[in-house]
Amino acid sequence: MENEILFENVSFSYDGKEVFRNLNVRIPSDRHVALVGENGAGKSTFIKLLLGLYEPKQGSILVDGRSVKDRTPKERKRLFAAAFQDFYRYPLSVKENLSMCQNVEKTTADYIAALEMVGLETLKDKLDYKIGKYGENSTDLSDGQWQKIALARVLLSDAKMFLLDEPTASMDPIGESKLYEDMMNVMKDRGVIIVTHRLALAKTVDLIAVMRDGGIVGLGSHEELMENNAYYRQLYDAQSEWYR
């Protein structure tokens, strides 16, 4: 079906541990969706299965009516752009880092706009600088700045969907919230799946999928889940205590 992600009877094990057993869920591929839940619930595994990085033990994963495993790498690249918490640091120039995995050639203005979007304005005059400690014409970055490079690369993508797996984990909650607000405006016409532990961010999306012990135990808006899902309400109330 068009604009739909379908996990149908999906089972998957990792290092001998069962993560999913007969997982069934339908979510829109053209909306903003958050995956929430405690550590070990299967959120990152869900993203990697969707990307085709993992193969399910059984079951099928369809995007817009077609199996993920039947798509070529080029087709997957047009379909998804992903940013992960455990991103890789490429010892290349700023521009080369940003241009990796792009389907079409970008302009200098595109690179600068992406850097400004993630708060890396200081790099817009250093596109040809190598990232790292290499002496002259190089620039070193903090962990948070490296994460922003990975996010800027995603923002430059022409993919149909953005998959964001805790890509701002090293940022403070206020900076993260502002960044996501800006990013979601850029991504408003495309599908987004975001894995997050911070439920205040989940309130801003169209749909929330609540994961627990390798299953989906709730699917709805923040308001719907607060009213009808005790587990989600427990998670949200526990986090609310942090800010009181």
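The values are calculated or read from the model by the stated rules, or taken from the named source; none is laboratory data. Keep in mind that this is a model prediction, so the values were computed, not measured. Every residue, glycine among them, receives a Cβ derived from its backbone with ideal geometry; neighbour counts consider all protein chains shown. Only protein heavy atoms, including side chains, enter the accessible area calculation; ligands, DNA and RNA are left aside. Shrake-Rupley method; radii C 1.70, N 1.55, O 1.52, S 1.80 Å.
Checked against (1) farther than 23 Å from D206 by Cβ; (2) open to solvent by less than 70 Å² (accessible area, probe 1.4 Å), F46 passes all but a single condition, namely (1).
Number of residues in the range 130-173 that are modelled with pLDDT under 75 and in contact with a helix residue (DSSP H, G or I) (Cβ under 8 Å, 6 or more places away or on another chain) equals 6. Filtered by the rule that a residue be in contact with a helix residue (DSSP H, G or I) (Cβ under 8 Å, 6 or more places away or on another chain), closer than 27 Å to M187 by Cβ and assigned to a loop (DSSP other than H, G, I, E, B), the range 114-129 gives V118, G119, L120, K124, K126, L127.
Where helices (runs of 4 or more DSSP H) fall entirely within the range 174-244, those with at least 2 residues that are open to solvent by less than 30 Å² (accessible area, probe 1.4 Å), among the aromatic types (F, W, Y) and modelled with pLDDT of 90 or more are at 230-240. The requirement of being modelled with pLDDT of 90 or more, open to solvent by 30 Å² or more (accessible area, probe 1.4 Å) and under 30 Å from P28 (Cβ atoms) is satisfied by A113. Just one residue in the set Q102, Q85 is in contact with a Ser or Thr (Cβ under 7 Å, 6 or more places away or on another chain) and not charged (D, E, K, R); that residue is Q102. Of K133, K148, all but one fail to be surrounded by 19 or more Cβ atoms within 10 Å (Cβ to Cβ), without any contact (Cβ under 8 Å) to a residue 40 or more places away in the chain and of a type in the set (D, E, K, R); the exception is K148.
Taking the criterion of being closer than 23 Å to G215 by Cβ and either among the aliphatic types (A, V, I, L, M) or under 15 Å from the mean Cα position of the chain (by Cα) (or both), the residues of the range 46-79 that qualify are F46, I47, K48, L49, L50, L51, G52, L53, I61, L62, V63, V68. Of the helices (runs of 4 or more DSSP H) lying entirely inside the range 1-100, those containing at least 1 residues that are touching an Asp or Glu at 6+ places or on another chain (Cβ under 9 Å) and polar (S, T, N, Q) are 43-51, 94-99.
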